[in-house]
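The values are calculated or read from the model by the stated rules, or taken from the named source; none is laboratory data. Quantities reported herein were computed from a predicted structural model and do not represent experimental measurements. As a convention, Cβ positions derive from the backbone with ideal geometry for all residues, glycine included, and neighbour counts pool all protein chains shown.
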Amino acid sequence: MARRFIVAGNWKMNTNIEEGILLAEQIQHGQRNPETEVILAVPYTHLFPIKKKIKASSGIRLAAQNCHDRNAGAFTGEISPTVLNTMKIPYVIIGHSERRMYNNESNELLASKIQAALNNGLKVIFCCGESLDIRRSNEHVNFVKQQLEESLFTVDSTTMKHIVIAYEPVWAIGTGETASPQQAQEMHAAIRKMIHNKYGKRIADNISILYGGSVKGSNAKDIFCQEDVDGGLVGGASLDSSDFLKIINSL
Ligand code: 13P
């Protein structure tokens, strides 16, 4: 299986339900490169109404932006991976830097969330990435390695096919400052090598590694054409259908 080219939109806590449905329909009906897998990570409240509007044949898949590491229980306000599975939501984002930062999600907790998601048949988009301080101290590769070792690398090789990695340098998220294509390629190649060392060549060659952080229609092509960049996880620009379609079509 060759690795897939994926463009995922992370809407974060944006749009009301009507706006969300409209945006999803604009993307569904837009001119899209059929080679690109499109994923929309919408707010929980929007999953069901948007799912009803998206045709299976459109190739657009939905993702939750997080889930709990238990299937059920007294966890007020949390979202169950079992329920996501019964809703036939195929993907979940785990480890986004905003959740690490605002919800104190540790690598250890993320390991447990990844297991819970996989046990419930979900595919995981696992996010990693360093802060500006760490980048400036030139420790970024070691930092990301530790993030992977302490969370993702608890996954056994048979389930790695259900994992997509998103490298999102924190300093590039929502700042308008993108990693240069060379910086993205350097880190993606380093991540692929870490996967190779842990799981072997076949899994490393087949895993999709997305770049995230201020991707726009105007810069996507330069980043996506790097050898180890297999698409993007897009925040702000995924809220504008024409910019998002441009990103989808920039392969
Ligand atoms: P921006 O594209 O808005 O920088 O956000 C990136 C991101 O966090 C996607 O998960």
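Miscellaneous remarks
- Filter result for Ala116 (modelled with pLDDT of 95 or more and farther than 26 Å from Pro90 by Cβ): no
- Restricting attention to region 150-168, the residues being in a helix (DSSP H, G or I) and either among the small types (Gly, Ala, Ser) or in contact with a helix residue (DSSP H, G or I) (Cβ under 8 Å, 6 or more places away or on another chain) (or both) number 9.
- Enumeration of residues in region 97-134 that are surrounded by fewer than 19 Cβ atoms within 10 Å (Cβ to Cβ) and closer than 19 Å to Gly174 by Cα: Arg99, Met101, Tyr102, Asn103, Ser131, Leu132, Asp133, Ile134
- Only a single item in (1) assigned to a helix (DSSP H, G or I); (2) in contact (Cβ under 8 Å) with a residue 24 or more places away in the chain; (3) farther than 16 Å from Arg70 by Cα is not met by Asn85, and it is number (3).
- Failed condition for Arg100, given (1) on the phi > 0 side of the Ramachandran plot; (2) out of contact with any Gly (no Cβ under 8 Å at 6 or more places or on another chain); (3) within 16 Å of the ligand (Cβ to nearest atom): (1)
- Test: residue in region 182-195 that is under 21 Å from Lys246 (Cα atoms) and either modelled with pLDDT under 95 or within 16 Å of the ligand (Cβ to nearest atom) (or both): yes
- A count restricted to region 200-229 and to residues that are more than 13 Å from Ala172 (Cβ to Cβ), within 16 Å of the ligand (Cβ to nearest atom), in contact with a helix residue (DSSP H, G or I) (Cβ under 6 Å, 6 or more places away or on another chain) and part of a loop (DSSP other than H, G, I, E, B) stands at 2.
- Within region 178-193, no residue that is closer than 11 Å to Leu210 by Cα sits with its Cβ atom under 6 Å from a residue that is among the small types (Gly, Ala, Ser) and surrounded by fewer than 16 Cβ atoms within 10 Å (Cβ to Cβ) at 6+ positions apart or across chains.
- Scanning region 12-51 for residues that are of a type in the set (A, V, I, L, M, F, W, C), more than 17 Å from the chain's Cα centre (by Cα) and surrounded by 15 or more Cβ atoms within 10 Å (Cβ to Cβ) turns up Ile21, Leu23, Ala24, Ile27, Ile50.
- Checklist (1) surrounded by fewer than 17 Cβ atoms within 10 Å (Cβ to Cβ); (2) in a helix (DSSP H, G or I) applied to Trp171, failing item: (1)
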